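These notes are about the structure you will find just below.
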Amino acid sequence: MNSFNSILIANRGEIAVRVMQTASALGYRSIGVYSEADVLSPHVRQADEAVCIGPPPVAQSYLDIDRILAAARETGAGAIHPGYGFLSENSEFAAACEAAGIVFIGPSSAAVELMGNKARAKTHMASVGVPCVPGYSGEDTSDDAFIEAARRIGYPVMIKAAAGGGGRGMREVDDPAALTKALARARSEAQHAFGLDEVILEKVLQGPRHVEVQIMADEQGHVIHLGERDCSVQRRHQKVIEEAPCPVMTDELRSAMGETAVTVAKSIGYCGAGTVEFLLDEADNFFFLEMNTRLQVEHRVTEMITGLDLVSMQIDIAQGLPLTLTQDDVQFSGHAIEARLYAEDVSRGFLPCTGTVALWQPSSAKHVCIDAGIDNDLHIGPYYDPMLAKVTAWGVDRENARCRLAHVLKKTVLFGPTTNRSFLIDVLNRQAFADGCVTTEFIEQAFGPEDLSPAVPGVEHAVVAAVIQYRWQRDVARRRALSVPADLLDWSSTGSLLSHYCYVVAGKTFDLNVRAGGDDYRVKCENAEITVRVVNDSESKARIEVDGNTVDVVYKSQSWTRTYLFMDSESWCFDNQIVAAELSKNQGSDGRVLAPMHGRVTEIMVKAGDVVRKGQRLASLEAMKMEHEIDAPVDGTVKRVACTLQIQVAIDDVLFEII
């Protein structure tokens, strides 16, 4: 038996909160760790005790084994739960916990090491008869070896980082001429993300489903599976929507995949929670991809259809207790679907975004679970994964779960960083998804550029935003007993003067003049005059009549220039361009290369005076575990390099000037 009464959670965000919830409910003392960037994060408040482990960069905090073990010793932690990501699949960390006499809530370091390297894992799986995707993971890691292997396997091929996951270090290659460059980029990204540049090659299967099986194993050698999850809806090889059960699963196929997953676990003496991932083709043939030796982000959907608490089971197993379930005891009820809410700009290729959370108002409903690691006024920086929260809904059947999840997402409000909320709703409402007919190519095939464009507000939305901003400015001026600066606002308490607003949102311009009279307003916009009446107004919610039509809105005014508005299930940010002219000054021009996202400059490939061609790589940015290539927008000569290696840059910062 491994006796402990306190657990240090070596993670952050929603998974740290999630583990603490179960640990506290079971009577364990929860210990949190945090970087200097996370001092105000919810997981720090949730913990019974929390320790700062370093500055924001992960290498100096959440990936620093010595600092985490020091925190465990300082607080007397008897066990460490790694969550997912970071050190959760790091065999050195698991071994260090073992050596320090601290229980690692996960498998042995030997199992983590074997399954943590895709090359060795595939070799082992083949040796025990588990079907694998055709590929190459040989000892010769030269470009020539990969070129020959790709020719033999047949294009398209997928390059994958041998360590880690989450879509980092992955490149799909269709053209043999592009393989060498793709190998270099995949190795570089893998090195930055996981500290290992080793990659493998796999044949790209056309139109498969990504199906994974959840297993649980105890120290006594008992292994069971808890059914499967379909994780086919992905972008950038990262999951977006997950569900259980798989829409095309049969009892026979579930039994075969489940038995194979159990075989995988038993073959390595596995103990704890784990996930065996497969690709499933149209003929119900399945192929081993990898084994994740940890809890998965999407474990909630399994919990909802089984009624089990996977974190509780993990802790019991770590205590040395045997499983209380046999395979026959595992029962499934209904259907569950989970959506990952990311800070990302869908219209810009799902690039991660940063920003401060101005207002977080998650909706709630029966049979819905929201796991979040954010709160009002929390800054979302460039250092960590962009997932902010996950929303999971259960239903008596798949359609019930789908509709429930879409409804809750429509009512969920998050002002601040750009998110994929509307895109998630769009995915759930697509007929192909509703019919359960999606593969890993679904997003790429079903969504064109026009589908990923940001929503454009109508005149009524701009009118409401202007009235809300006017009221906020009036109230602030009254509270401060100050005159409003003339260069900011032509506002008067008598309402005799006009307040002028000019908003540019999603490429559309709204020029408005607001005149007030109590709670009634007249707004001139686009040669029309619109009557607005505020029926009631309380902190962040209001009921407003626009030309006699009543609408309910959620809002947040942050400054003299900015108002967020949630109306008709959409969110917008309205900035008064008259006051904030600087907001548009960095739109760029021919020859100016702007940062597409907040991030760290990891490579600079040119210097002043170099002649470049359009499309030539100039630099690389790393942010939120993603590496992005910066290419020349035009032919020309580099006039100025405005960035340096390893510095943090903000979105739309000038990186290069080309003439």
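Brief remarks on what is shown
- Selected residue (criterion: surrounded by the most Cβ atoms within 10 Å (Cβ to Cβ)) from residues of segment 546-571 that are under 12 Å from A466 (Cα atoms) and of a type outside the set (K, R): T563
- Of residues in segment 280-296 being of a type in the set (A, V, I, L, M) and surrounded by 22 or more Cβ atoms within 10 Å (Cβ to Cβ), the one nearest to G207 (Cα to Cα): L280
- Neighbours by Cβ (under 6 Å, 6+ apart or cross-chain): first from segment 470-484, farther than 25 Å from K524 by Cα and in a loop (DSSP other than H, G, I, E, B); second at pLDDT below 70 and of a type in the set (A, V, I, L, M, F, W, C): none
- Filter pass, L253 being closer than 29 Å to A336 by Cα, assigned to a helix (DSSP H, G or I), out of contact with any helix residue (DSSP H, G or I) (no Cβ under 6 Å at 6 or more places or on another chain) and of a type in the set (A, V, I, L, M, F, W, C): yes
- Any hit, segment 333-347, residues being surrounded by fewer than 18 Cβ atoms within 10 Å (Cβ to Cβ) and over 23 Å from H628 (Cβ atoms): yes
- Count of segment 166-205 residues, restricted to those that are of a type outside the set (V, I, T) and either free of Cβ contacts under 8 Å to residues at least 60 places away in the same chain or at positive phi (or both), is 23.
- Qualifying residue in segment 619-638 (condition: on the phi < 0 side of the Ramachandran plot, surrounded by fewer than 18 Cβ atoms within 10 Å (Cβ to Cβ) and at pLDDT 90 or above): yes
- Evaluated against (1) over 30 Å from P322 (Cα atoms); (2) part of a loop (DSSP other than H, G, I, E, B), G221 falls short on exactly one condition, (1).
Quick grid of which residues meet (1) touching a Phe, Trp or Tyr at 6+ places or on another chain (Cβ under 9 Å); (2) in a helix (DSSP H, G or I); (3) closer than 30 Å to L310 by Cα; (4) of a type outside the set (D, E):
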position	(1), (2), (3), (4)
K122	yes, yes, yes, yes
M125	yes, yes, yes, yes
A145	yes, yes, no, yes
A149	yes, yes, no, yes
R152	yes, yes, no, yes
R168	yes, no, yes, yes
L179	yes, yes, no, yes
L183	yes, yes, no, yes
V213	yes, no, yes, yes
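- Hey, D328 under 19 Å from the mean Cα position of the chain (by Cα) and among the acidic types (D, E) or not: no
- If you filter segment 518-530 down to residues that are of a type outside the set (A, V, I, L, M, F, W, C) and surrounded by 11 or more Cβ atoms within 10 Å (Cβ to Cβ), you find that the one that is nearest to the chain's Cα centre (by Cα) is E526.
- Among the helices (runs of 4 or more DSSP H) confined to segment 22-111, the ones with at least 2 residues that are without any contact (Cβ under 8 Å) to a residue 60 or more places away in the chain and charged (D, E, K, R) are located at 65-75, 91-99.
- If only residues of segment 535-545 that are surrounded by fewer than 19 Cβ atoms within 10 Å (Cβ to Cβ) and not charged (D, E, K, R) are counted, the one that is nearest to the chain's Cα centre (by Cα) is S540.
- Residues (outside any loop (DSSP other than H, G, I, E, B) and touching a residue at least 60 places away in the same chain (Cβ under 8 Å)) located in segment 363-387: C369, D371, A372, H379, M387
- Meets criteria (over 21 Å from the mean Cα position of the chain (by Cα), part of a helix (DSSP H, G or I) and surrounded by 15 or more Cβ atoms within 10 Å (Cβ to Cβ)) for A265: yes
- Of the residues making up segment 1-59, those that are at pLDDT below 95 and under 18 Å from F104 (Cα atoms) number 3.
- Just one of the numbered conditions (1) without any contact (Cβ under 8 Å) to a residue 40 or more places away in the chain; (2) closer than 24 Å to V554 by Cα; (3) not in a loop (DSSP other than H, G, I, E, B) is not true of A343: (1).
The values are calculated or read from the model by the stated rules, or taken from the named source; none is laboratory data. Only a predicted model underlies this, so the values are computations on that prediction, with no experimental measurement involved. Note that each Cβ is placed from the backbone with ideal geometry, even for glycine, and that neighbours are counted across all protein chains shown.
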